[in-house]
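Input: a single structure, listed below in structure tokens.
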């Protein structure tokens, strides 16, 4: 119900945002919540869409250094066939990292809660002349991702888990589920922050316990340190690299047509001309202006979808 009420006041929220008000804080105060909800995060980040691209073009230096360091981290992991950025934002990190990687993956995916941010990302990445046949962007929720088990060689995040303080275990469990080789997290580093930065993280509801949670889950953390570059001194970036244990890394079948699945039922989905559809779950997910909407709440009950769309699957997938 809180989400529906939030949607009814988008015009007011956009006005508050234009007056530099902290939208997540306003929405939390409005509901009396102590944690940042998915709805709060979605609306706040959607209102911010495009701002990271504008900021990048004003001053590229630090973000370029950040991308260069991250590209080296990924290159050092060995051959990567499939790569996913969870929480792509405006696409600035992904685009610049891909340009700097020595060996670009064959298939690249990126998702974000916000449709507007994904749309901005698609435009930005297109400007970088990245091959759209190798790249797929869509809306998605990192707590219910539209990916099969162990479907991505490497999953990485850049301050995307950040606003989900208190849900560290949920985020790690889901991202670990879909990774086949490595999970790379560049997130707020509470352990390495000074008192002022720690207080800021707590006041914003940021994650503060990723490393200990990963250890408690029994994950193989092979690196944990302060990252070489932090974009904001008051929000220092930590690097954590988790290697998938051999017993958790059974190889996917090589002829998988698509790594994507229904985020609710984890059944395979097919891209049609108008939507993604799962014949098993009979749920459809719309595609808006080229952006597939694969959030759980985007699901549309369509038990007779195939009666009307047989033979119209996207030819890219050879179905």
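Numbers at a glance
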quantity	calculated
MRE, 222 nm, helices only [DSSP H, n ≥ 4, -39500 (n - 2.57), over the chain, to nearest 500]	-10000 deg cm²/dmol
Fraction of beta bridges assigned by DSSP in the chain that are antiparallel (%, nearest 5)	55 percent
Rg/Rg_ref, the stretch 2-47, where Rg_ref = 2.2 N^0.38 Å and atoms are Cα	1.00
Taking all pairs of distinct alpha-carbon atoms in the stretch 60-248, Kirkwood radius in angstrom	16.5 Å
Part-to-part distance (alpha-carbon centres) for the stretch 81-153 and the stretch 161-189, which is given in Å	16 Å
Gyration tensor (alpha-carbon) shape descriptor, the stretch 28-79, a/c threshold 1.5	oblate
Paired Rg and Dmax values of the stretch 270-312, which use every Cα atom, in angstrom	9.6, 27
Spherically averaged projected area of the stretch 94-135 from its Cα convex hull (nm²)	2.9 nm²
Difference of contour (0.36 nm per residue) and Cα-Cα distance, residue 274 to residue 29	84.3 nm
Evaluated over the chain, the Cα radius of gyration and Dmax, each in Å	19.2, 61
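Only the coordinates and a few stated rules stand behind these numbers; no lab work does. Just so it is clear, the structure is predicted and the values come from calculations on it, not from any experiment.
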